[in-house]
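Chemist: One structure, pasted below without further comment.
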Amino acid sequence: MRGAPTAGGGRTVAVVGGGVAGMSAACALAEAGFRVQLVERRAFLGGRAYSFRHPGVGEVIDNCQHVLFGCCTNLDGFYRRIGVAGRIHWTSDMTMIEPGGRRSVLGPSWLPAPLHGLPRFLAARAFTIGDKLALGRAFRGLMRPVPPDSTESLGEWLARNGQTQGALDRFWRLVIASALNADIGSISLAYAAKVIRELFLNSAEAGRMGMSTLPLSDLYAGANDFLTGKGSGVLLNAAVDSAAWDAGAPQWTLATNAGALEAEFLVLALPFEAMSRLLPHMPQAEGAAGLAAQIARQEHWPICSVHLWFDREITTLDHAVLLDREIHWMYNKGRIQPSRGGAGSYLELVVSASSAFAALPGEKAIEQSVLELAEFFPAVRSAKLVKAARVKEVHATFGVPPGIDESRPSSVSPWPNCFLAGDWTATGWPSTMESASRSGHLAAEAVCRAAGSERAILNPDLAPRGLMRLPGMALSRSPSRGGPPPLAQKTG
Ligand SMILES: Cc1cc2nc3c(=O)[nH]c(=O)nc-3n(C[C@H](O)[C@H](O)[C@H](O)COP(=O)(O)OP(=O)(O)OC[C@H]3O[C@@H](n4cnc5c(N)ncnc54)[C@H](O)[C@@H]3O)c2cc1C
């Protein structure tokens, strides 16, 4: 190892899974002085956030647009660690477009939080006065702590809090359910309240949106460079099939298709399905059955994206929320990722939580998307569609139904010197890169602790601003360190 002696002292760690969770854990541990081997089944890092050359269109595309927000402090910390934070393009404006083209732009003003979004919200023509009153009441209601034992879904709560059809369709279903990628009836009220607070109330900074200016796999190549620069390594095309623990050594031995690997500490940063497949090939341990039961209660939701190349410019907007149609979000990838170059324009449309859209044949999905897009951007009608692709991610994100926190394990595993990470573990966050990065940082802290050297790795939350700092306004924001997630804590 190079550099000054640190927590790890050159002790070895194998991190299994090269998604955001595994990369975050591996890089933090390498920085802490451990010798890390990051082991990934596929030929590239990034996990569910990756880009690839699509054979049908001959272009490198993201498997889907991945956005982050200012409140994603651990993802930002990971990006800073690997030197790619400057590759994120940030924006505070959210343009909502109605069929026909009328626009409303939400975003911050000079007013202190939580009022910063109020002036533009009041001016938004996408909502009637009735919608605005209903949404205002709901926001106020969601500023109160959700009881830790609440079993209420967002849908149930909205039904008893008098929401208009416009508020339901244009805000709750489109913005919030789509951010959580599920139907409103399948979303825990606590998670919905968290999204509202983080994106719209705590501060303007927390709610700004970030998009990578590089294809995702190029962005995450920074993790490979960071690890090798620290004397650690990345092993690609290596699927871990089983793991054995030797208490005498003490050491883990991993069996992979690329040969055996040994390490004193193990971090399993796998999605829950892969964890479930590995479980029968782990040593017997008290608690393994409980973990299997927690995994069995997890479920996935699909996301589709439609990638369209036109022979001319369609819009100068970087992104927009598209109202009242099947397509939900428009990302102007040619503008967001300028290094792509090329004539014409490249737009990506995202359809969240849409099993019906995922079931459409690819050509039909593209045809419907173009027809709908033309309702928002008339330039589509005179443009030539040069090429197009639909990408379907059936297992995109895990759901956050009421009671889900009981099924999210902490980083502590049933096995010695072995820790769990992955977006689905207990972070208090929904299925996002931030949750994955948080889980990786929590697992890295647990490894340091087990190695006898406490180290704070988790990045703290952004402090609420303005009036949100007043007593009674701020919910408990203490970071979860493997205990119950923040959402389950009693709050003031
Ligand atoms: C279409 C889509 C859109 C999304 N949009 C957003 C968004 O806008 N914003 C956002 O924050 N999040 C978004 N997400 C969610 C985000 O991608 C995930 O929450 C996050 O990437 C999960 O990271 P992870 O490391 O926990 O898991 P994963 O990314 O699943 O990584 C796990 C890794 O483990 C590897 N692996 C599996 N089995 C083995 C094995 N036996 N041996 C070795 N390696 C193995 C896998 O190949 C994978 O690379 C989206 C996801 C999808 C699919």
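The values are calculated or read from the model by the stated rules, or taken from the named source; none is laboratory data. Worth saying up front: this structure is predicted, and the values here are computed from it rather than measured. Backbone-built Cβ (ideal geometry, glycine too); neighbour counts: all protein chains shown.
Chemist: Quick check on this structure: which one of L180, L154, L133, L168 is at pLDDT 95 or above and either buried (at least 23 other Cβ atoms within 10 Å of the Cβ) or on the phi > 0 side of the Ramachandran plot (or both)?
Modeler: Working: L180 fails: at pLDDT 95 or above; L133 fails: either buried (at least 23 other Cβ atoms within 10 Å of the Cβ) or on the phi > 0 side of the Ramachandran plot (or both); L168 fails: either buried (at least 23 other Cβ atoms within 10 Å of the Cβ) or on the phi > 0 side of the Ramachandran plot (or both).
Only one candidate passes the filter, namely L154.
Chemist: Return the only residue of V67, V57, V20, V13 being surrounded by fewer than 21 Cβ atoms within 10 Å (Cβ to Cβ), among the β-branched types (V, I, T) and touching a Phe, Trp or Tyr at 6+ places or on another chain (Cβ under 8 Å). Lay out the reasoning, then the answer.
Modeler: On the way: V67 fails: touching a Phe, Trp or Tyr at 6+ places or on another chain (Cβ under 8 Å); V20 fails: surrounded by fewer than 21 Cβ atoms within 10 Å (Cβ to Cβ); V13 fails: surrounded by fewer than 21 Cβ atoms within 10 Å (Cβ to Cβ).
Answer to the selection: V57.
Chemist: Out of (1) in a helix (DSSP H, G or I); (2) within 13 Å of the ligand (Cβ to nearest atom); (3) hydrophobic (A, V, I, L, M, F, W, C), the odd one out for A28 is which?
Modeler: Answer for A28: the failing condition is (2).
Chemist: Applying the selection to segment 404-429, what residues are surrounded by 24 or more Cβ atoms within 10 Å (Cβ to Cβ), within 14 Å of the ligand (Cβ to nearest atom) and not basic (K, R)?
Modeler: Residues satisfying the conditions are S411, F419, L420, A421, G422, D423, W424, T425, A426, T427, W429.
Chemist: Here's another thing I want to ask about it. Could you list all residues from segment 264-292 that are touching a Ser or Thr at 6+ places or on another chain (Cβ under 9 Å), closer than 21 Å to V20 by Cα and small (G, A, S)?
Modeler: Matches in segment 264-292: A269 only.
Chemist: Would you check if there is a residue in segment 74-86 being within 25 Å of N181 (Cβ to Cβ), within 16 Å of the ligand (Cβ to nearest atom) and among the hydroxyl-bearing types (S, T, Y)?
Modeler: Scanning segment 74-86 turns up at least one residue that is within 25 Å of N181 (Cβ to Cβ), within 16 Å of the ligand (Cβ to nearest atom) and among the hydroxyl-bearing types (S, T, Y).
Chemist: Another question, if that's okay. Name the residues in segment 257-311 that are among the polar types (S, T, N, Q) and touching a Cys at 6+ places or on another chain (Cβ under 9 Å), would you? Outline the logic, then answer.
Modeler: First, pick out the residues of segment 257-311 that are among the polar types (S, T, N, Q): 257, 276, 284, 294, 298, 305.
S305 - this is the single residue of segment 257-311 that is among the polar types (S, T, N, Q) and touching a Cys at 6+ places or on another chain (Cβ under 9 Å).
Chemist: Now a separate question. Only one of these is modelled with pLDDT of 95 or more and out of contact with any Lys or Arg (no Cβ under 9 Å at 6 or more places or on another chain): A274, A239, A260, A221. Name it. Before you say what the answer is, go through the steps one by one.
Modeler: On the way: A274 fails: out of contact with any Lys or Arg (no Cβ under 9 Å at 6 or more places or on another chain); A239 fails: out of contact with any Lys or Arg (no Cβ under 9 Å at 6 or more places or on another chain); A221 fails: modelled with pLDDT of 95 or more.
Only one candidate qualifies: A260.
Chemist: So how many residues does segment 381-403 have that are within 26 Å of A179 (Cβ to Cβ), more than 15 Å from the ligand (Cβ to nearest atom) and touching a helix residue (DSSP H, G or I) at 6+ places or on another chain (Cβ under 8 Å)?
Modeler: Restricting attention to segment 381-403, the residues satisfying the condition of being within 26 Å of A179 (Cβ to Cβ) are 388-403.
Then keep just the ones that are more than 15 Å from the ligand (Cβ to nearest atom); that gives 388, 401-403.
Add one more test, that the residue is touching a helix residue (DSSP H, G or I) at 6+ places or on another chain (Cβ under 8 Å), and what stays is 388, 401-402.
Residues meeting the conditions: 3.
Chemist: Something else: Within segment 256-276, how many residues turn out to be part of a strand (DSSP E or B), over 21 Å from D423 (Cβ atoms) and either within 10 Å of the ligand (Cβ to nearest atom) or among the basic types (K, R) (or both)?
Modeler: Total meeting the criteria: 1.
Chemist: Identify, from the list V36, V15, the residue that is more than 14 Å from the ligand (Cβ to nearest atom) and either in a helix (DSSP H, G or I) or not polar (S, T, N, Q) (or both). So that I can check it myself, show each step before the final result.
Modeler: Numbers: V15 fails: more than 14 Å from the ligand (Cβ to nearest atom).
Going through V36, V15 in turn, just one is more than 14 Å from the ligand (Cβ to nearest atom) and either in a helix (DSSP H, G or I) or not polar (S, T, N, Q) (or both): V36.
Yes/no matrix, rows are residues, columns are (1) aromatic (F, W, Y); (2) buried (at least 16 other Cβ atoms within 10 Å of the Cβ):
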{"residue": "V39", "(1), (2)": "no, yes"}
{"residue": "Y50", "(1), (2)": "yes, yes"}
{"residue": "D62", "(1), (2)": "no, yes"}
{"residue": "L75", "(1), (2)": "no, yes"}
{"residue": "L106", "(1), (2)": "no, yes"}
{"residue": "A113", "(1), (2)": "no, yes"}
{"residue": "L122", "(1), (2)": "no, no"}
{"residue": "F127", "(1), (2)": "yes, yes"}
{"residue": "R144", "(1), (2)": "no, no"}
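Chemist: Moving on. Could you list, in sequence order, the residues of segment 201-223 that are hydroxyl-bearing (S, T, Y) and crowded, with 22+ Cβ neighbours inside 10 Å?
Modeler: Hits for segment 201-223 are S203, S212, Y220.
Chemist: Mind checking whether some residue in segment 298-321 is more than 16 Å from the ligand (Cβ to nearest atom), of a type outside the set (F, W, Y), modelled with pLDDT of 95 or more and under 27 Å from S435 (Cα atoms)?
Modeler: No: segment 298-321 contains no residue that is more than 16 Å from the ligand (Cβ to nearest atom), of a type outside the set (F, W, Y), modelled with pLDDT of 95 or more and under 27 Å from S435 (Cα atoms).
Chemist: Looking at segment 430-450, which of the residues that are of a type in the set (D, E, K, R) and touching a residue at least 24 places away in the same chain (Cβ under 8 Å) is nearest to the ligand (Cβ to nearest atom)?
Modeler: Within segment 430-450, the first condition is being of a type in the set (D, E, K, R), and the residues that meet it are 434, 438, 445, 449.
Filter once more, so that each one left must be touching a residue at least 24 places away in the same chain (Cβ under 8 Å): 434, 438, 445.
Values: E434: 6, R438: 10, E445: 17 Å.
Filtering first and then ranking leaves E434.
Chemist: Kindly indicate which of F139, F78 is aromatic (F, W, Y) and touching a Ser or Thr at 6+ places or on another chain (Cβ under 9 Å). Spell out the reasoning first.
Modeler: On the way: F139 fails: touching a Ser or Thr at 6+ places or on another chain (Cβ under 9 Å).
Among F139, F78, only F78 is aromatic (F, W, Y) and touching a Ser or Thr at 6+ places or on another chain (Cβ under 9 Å).
Chemist: Kindly establish whether D241 is of a type outside the set (A, V, I, L, M, F, W, C) and either closer than 19 Å to S51 by Cβ or in contact with a helix residue (DSSP H, G or I) (Cβ under 7 Å, 6 or more places away or on another chain) (or both).
Modeler: Details: of a type outside the set (A, V, I, L, M, F, W, C): yes; either closer than 19 Å to S51 by Cβ or in contact with a helix residue (DSSP H, G or I) (Cβ under 7 Å, 6 or more places away or on another chain) (or both): yes.
When the stated conditions are applied, D241 passes them.
Chemist: Please go through segment 157-184 and give me each residue that is under 20 Å from G130 (Cα atoms), charged (D, E, K, R) and in contact (Cβ under 8 Å) with a residue 24 or more places away in the chain, ordered by number. Talk me through it step by step, then tell me what you get.
Modeler: Start the filter on segment 157-184 by keeping residues that are under 20 Å from G130 (Cα atoms), which leaves 157-176.
Still in the running and charged (D, E, K, R): 160, 169-170, 173.
Answer for segment 157-184, where residues must be under 20 Å from G130 (Cα atoms), charged (D, E, K, R) and in contact (Cβ under 8 Å) with a residue 24 or more places away in the chain: D169, R170.
Chemist: Return yes when V234 is touching a Cys at 6+ places or on another chain (Cβ under 9 Å) and of a type in the set (V, I, T) and no when it is not.
Modeler: So V234 fails the test.
Chemist: Report, by residue number, each residue of segment 39-57 that is more than 19 Å from the chain's Cα centre (by Cα), part of a loop (DSSP other than H, G, I, E, B) and within 16 Å of the ligand (Cβ to nearest atom).
Modeler: Hits for segment 39-57 are E40, R41, R42, A43.
Chemist: Being among the aliphatic types (A, V, I, L, M) and away from the ligand (no atom under 16 Å from the Cβ): is that true of A204 here? Working first, answer last.
Modeler: Details: among the aliphatic types (A, V, I, L, M): yes; away from the ligand (no atom under 16 Å from the Cβ): yes.
Criteria met by A204.
Chemist: Step by step: first the residues of segment 346-380, then only those that are of a type in the set (A, V, I, L, M, F, W, C) and surrounded by fewer than 18 Cβ atoms within 10 Å (Cβ to Cβ), then the one that is farthest from T95 (Cα to Cα). Which residue is that?
Modeler: Taking segment 346-380 as the starting set, the residues that turn out to be of a type in the set (A, V, I, L, M, F, W, C) are 347, 349-351, 353, 356-360, 365-366, 370-371, 373-374, 376-377, 379-380.
Among the residues that remain, those that are also surrounded by fewer than 18 Cβ atoms within 10 Å (Cβ to Cβ) are: 356, 359, 371, 374, 379.
Numbers: A356: 26, A359: 29, L371: 20, A374: 17, A379: 18 Å.
Ranking the candidates gives A359 first.
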